[in-house]
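K.L.:
Pasting in a structure now, in structure tokens, and then I'll have a few things to ask.
The values are calculated or read from the model by the stated rules, or taken from the named source; none is laboratory data. All of these numbers come straight from a predicted model, not from anything done at the bench. All Cβ positions, even for glycine, are placed from backbone atoms using ideal geometry, and neighbour counts span all protein chains on display.
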């Protein structure tokens, strides 16, 4: 757990979280806003890259982690959330840990990646056999499957959520939670310990209750896991999820 947040703050008395989100991603902040307790504030920075190639762009987001944290200047953060699963999948666990640990030591606060948060939540659920559904092109889905198998999980099934332009990962941001729900329905009977909806750019919260009902097993999304593990480090819990009527 991180040290207690500064109760003298007007905003973020229970915690101030930095959030790094891919440059064109509109989903992370929207879902964090709905998940974090009222006394926890988040301050976002964009993960930026001029690389035209999607693979190179995702890798650069994590390779430039120190630059992203430096963009906060002297702002006092209690922790930082790196909200891009694809970067971790492509770099691999060892390289991710090296960059994250180096940045945390340099800036003096914990750095949590989305993949780390997902793994922690799966461990809490004692889930070893998982289903993976993600809006990834084949090369990124393969990297994700390899990542989770490398972390000791059995990926019993995998399914792509179709995106408009398969070669362009930014088209993930055109999806809705209804697309995630449709993919879960199409997956059929999931005989697993947990369902992972990977990808911070795919909205899930509006359909999460319906997804849970269809899946019949615990459901994790990247943003849900990341926000949950972040507030846990502050000694808090997530805000109740809104009902569809809200």
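K.L.:
Using the structure shown, decide if residue 69 is more than 30 Å from residue 166 (Cα to Cα) and assigned to a helix (DSSP H, G or I).
P.N.:
On the way: more than 30 Å from residue 166 (Cα to Cα): yes; assigned to a helix (DSSP H, G or I): yes.
Spelling it out, residue 69 is indeed more than 30 Å from residue 166 (Cα to Cα) and assigned to a helix (DSSP H, G or I).
K.L.:
If only one of 33, 97 is part of a helix (DSSP H, G or I), surrounded by fewer than 17 Cβ atoms within 10 Å (Cβ to Cβ), touching a helix residue (DSSP H, G or I) at 6+ places or on another chain (Cβ under 9 Å) and free of Cβ contacts under 8 Å to residues at least 24 places away in the same chain, which one is it? I'd like the intermediate steps shown before the answer.
P.N.:
Values: 33 fails: touching a helix residue (DSSP H, G or I) at 6+ places or on another chain (Cβ under 9 Å).
The unique qualifying residue is 97.
K.L.:
Touching a helix residue (DSSP H, G or I) at 6+ places or on another chain (Cβ under 7 Å) and either surrounded by fewer than 21 Cβ atoms within 10 Å (Cβ to Cβ) or assigned to a helix (DSSP H, G or I) (or both), is that true of residue 217? So that I can check it myself, show each step before the final result.
P.N.:
Numbers: touching a helix residue (DSSP H, G or I) at 6+ places or on another chain (Cβ under 7 Å): no; either surrounded by fewer than 21 Cβ atoms within 10 Å (Cβ to Cβ) or assigned to a helix (DSSP H, G or I) (or both): yes.
It is false that residue 217 is touching a helix residue (DSSP H, G or I) at 6+ places or on another chain (Cβ under 7 Å) and either surrounded by fewer than 21 Cβ atoms within 10 Å (Cβ to Cβ) or assigned to a helix (DSSP H, G or I) (or both).
K.L.:
A follow-up question, please. Exactly one condition in (1) out of contact with any strand residue (DSSP E or B) (no Cβ under 9 Å at 6 or more places or on another chain); (2) closer than 26 Å to residue 208 by Cα is false for residue 33; which is it?
P.N.:
Unmet for residue 33, out of (1) out of contact with any strand residue (DSSP E or B) (no Cβ under 9 Å at 6 or more places or on another chain); (2) closer than 26 Å to residue 208 by Cα: (1).
K.L.:
Any idea which of (1) closer than 23 Å to residue 14 by Cα; (2) buried (at least 21 other Cβ atoms within 10 Å of the Cβ) is the one residue 108 doesn't satisfy?
P.N.:
With (1) closer than 23 Å to residue 14 by Cα; (2) buried (at least 21 other Cβ atoms within 10 Å of the Cβ) applied to residue 108, the lone miss is (2).
K.L.:
Quick check on residue 37: is it closer than 17 Å to residue 114 by Cα, assigned by TED's automatic domain parsing to the domain that holds residue 105 and at pLDDT 95 or above?
P.N.:
Taking the combined requirement at face value, the residue does not satisfy it.
K.L.:
If residue 164 passes every condition in (1) under 29 Å from residue 40 (Cβ atoms); (2) surrounded by fewer than 13 Cβ atoms within 10 Å (Cβ to Cβ) but one, which one does it miss?
P.N.:
Evaluating residue 164 over (1) under 29 Å from residue 40 (Cβ atoms); (2) surrounded by fewer than 13 Cβ atoms within 10 Å (Cβ to Cβ) leaves (1) as the failure.
K.L.:
Can you find a residue that is outside any helix (DSSP H, G or I) and over 23 Å from residue 41 (Cβ atoms) anywhere in region 76-93? It would help to see each step written out before you state the result.
P.N.:
Our first condition is that a residue be outside any helix (DSSP H, G or I); within region 76-93, this holds for 76-84, 92.
Narrowing the set further to residues that are over 23 Å from residue 41 (Cβ atoms) leaves 92.
Yes, some residue in region 76-93 is outside any helix (DSSP H, G or I) and over 23 Å from residue 41 (Cβ atoms).
K.L.:
May I ask you to say which residue of 198, 177, 142, 170 is touching a residue at least 24 places away in the same chain (Cβ under 8 Å) and either farther than 20 Å from residue 217 by Cβ or in the same structural domain as residue 59 (by TED's automatic domain parsing) (or both)? Explain how you work it out, then say what you get.
P.N.:
Details: 198 fails: either farther than 20 Å from residue 217 by Cβ or in the same structural domain as residue 59 (by TED's automatic domain parsing) (or both); 177 fails: either farther than 20 Å from residue 217 by Cβ or in the same structural domain as residue 59 (by TED's automatic domain parsing) (or both); 142 fails: touching a residue at least 24 places away in the same chain (Cβ under 8 Å).
Criteria check complete, one pass: 170.
K.L.:
Which of the residues belonging to region 105-161 are assigned to a loop (DSSP other than H, G, I, E, B), within 25 Å of residue 80 (Cα to Cα) and out of contact with any helix residue (DSSP H, G or I) (no Cβ under 8 Å at 6 or more places or on another chain)?
P.N.:
Once the filter is applied, which keeps residues that are assigned to a loop (DSSP other than H, G, I, E, B), within 25 Å of residue 80 (Cα to Cα) and out of contact with any helix residue (DSSP H, G or I) (no Cβ under 8 Å at 6 or more places or on another chain), region 105-161 yields 108, 109, 125.
K.L.:
Taking the residues in region 182-192 that are touching a helix residue (DSSP H, G or I) at 6+ places or on another chain (Cβ under 8 Å) and either part of a loop (DSSP other than H, G, I, E, B) or crowded, with 20+ Cβ neighbours inside 10 Å (or both) as candidates, determine which candidate is modelled with the highest pLDDT.
P.N.:
By that ranking, first place goes to 184.
K.L.:
Answer yes if at least one residue in region 44-65 is at pLDDT 95 or above, surrounded by fewer than 22 Cβ atoms within 10 Å (Cβ to Cβ) and under 20 Å from residue 231 (Cα atoms), and no otherwise.
P.N.:
Within region 44-65, one or more residues are at pLDDT 95 or above, surrounded by fewer than 22 Cβ atoms within 10 Å (Cβ to Cβ) and under 20 Å from residue 231 (Cα atoms).
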